[in-house]
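Structure record follows, encoded as structure tokens.
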Amino acid sequence: MNEQVQEYFSCADWLLIPASVRKDVADILGLTLLSENEQWDNNPILCTTYENADNYLNDLLLRVDKILISSVINGYYIVEGKCLRYIYETLGKRLSAKCGVYYFSIDLWEYRYAYGYYERSQEKRFYCAELDATGNLQEEDRGSVLSCENDAESHIPKVKIEDEQVPNSWFLPLGIMFNLGIMDAEIQQALSKLCSIYMLNSTDAKMIKNIITEKFGL
């Protein structure tokens, strides 16, 4: 796996949508276009700038009402944003009314990964694995296994555990995406291309901020 792609997606939440529905995304989600001339890699709405935990929440709230849509990648677009950690299901169901939509998440800082699939505005598949506060693995597993999950581990980097090279399962969402035909070399090229930045509608933005402030006990 390309190191740039591996590092970029080590802390990211994103949707994968067919290119055929790209023109309808703004209308379906009620988005407001902010810019079409932004570079995807190192984009300020995704790259956190906080220096310590004290200003983490303020930093998050400044960017959580915005999303990014990549350039086209082998018949798909990636929709990325900090908000997707909190409302991936809501947006995924809306966008999947006429197509299939995938959700992916990797967070190596919290030791969590997840993926899901939505079709006809319904959840068809969801899996999440994360370590709890005591270091035990907690899993959610719903729906039927997708064909793109098969052999996904063969595409992800390996780590050495007790002198044995084993797949780094925290990157499994990338392996699934590679099985859909979106390879790391293509993603690397797209990271250097222009993307579009949108602002969520006021209802969704308010919902997200309420979720976050409740989560942090504010």
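The values are calculated or read from the model by the stated rules, or taken from the named source; none is laboratory data. Since the structure is predicted, the reported quantities are computational estimates derived from the model, not experimental observations. Positions of Cβ are backbone-derived with ideal geometry, glycine not excepted, and every protein chain shown enters the neighbour counts. Accessible surface areas use protein heavy atoms only, side chains included; no ligands, DNA or RNA. Shrake-Rupley method; radii C 1.70, N 1.55, O 1.52, S 1.80 Å.
A few points about this structure:
- R142 meets each of the listed conditions (1) farther than 19 Å from E7 by Cα; (2) part of a helix (DSSP H, G or I) apart from (2).
- Test: residue in the stretch 92-101 that is touching a Gly at 6+ places or on another chain (Cβ under 7 Å), open to solvent by 10 Å² or more (accessible area, probe 1.4 Å) and not in a loop (DSSP other than H, G, I, E, B): no
- Taken over the stretch 36-60, the residue count meeting the criterion of being part of a loop (DSSP other than H, G, I, E, B), open to solvent by 90 Å² or more (accessible area, probe 1.4 Å) and at pLDDT 75 or above is 1.
- Odd one out for K66, checked against (1) over 29 Å from E214 (Cα atoms); (2) touching a strand residue (DSSP E or B) at 6+ places or on another chain (Cβ under 9 Å); (3) basic (K, R): (1)
- Each residue in the stretch 204-218 was checked for being within 18 Å of R94 (Cα to Cα) and either among the hydrophobic types (A, V, I, L, M, F, W, C) or free of Cβ contacts under 8 Å to residues at least 24 places away in the same chain (or both), and 4 pass.
- Selection within the stretch 1-17 - open to solvent by 30 Å² or more (accessible area, probe 1.4 Å) and touching a strand residue (DSSP E or B) at 6+ places or on another chain (Cβ under 9 Å): C11
- Pairs where the first residue, in the stretch 21-32, is under 19 Å from S202 (Cα atoms) and the second is surrounded by fewer than 17 Cβ atoms within 10 Å (Cβ to Cβ) and of a type in the set (S, T, Y), C-beta under 9 Å, 6+ apart: A26/T32; G30/S202; G30/T203
- F171 meets each of the listed conditions (1) outside any helix (DSSP H, G or I); (2) within 18 Å of the chain's Cα centre (by Cα); (3) on the phi < 0 side of the Ramachandran plot apart from (1).
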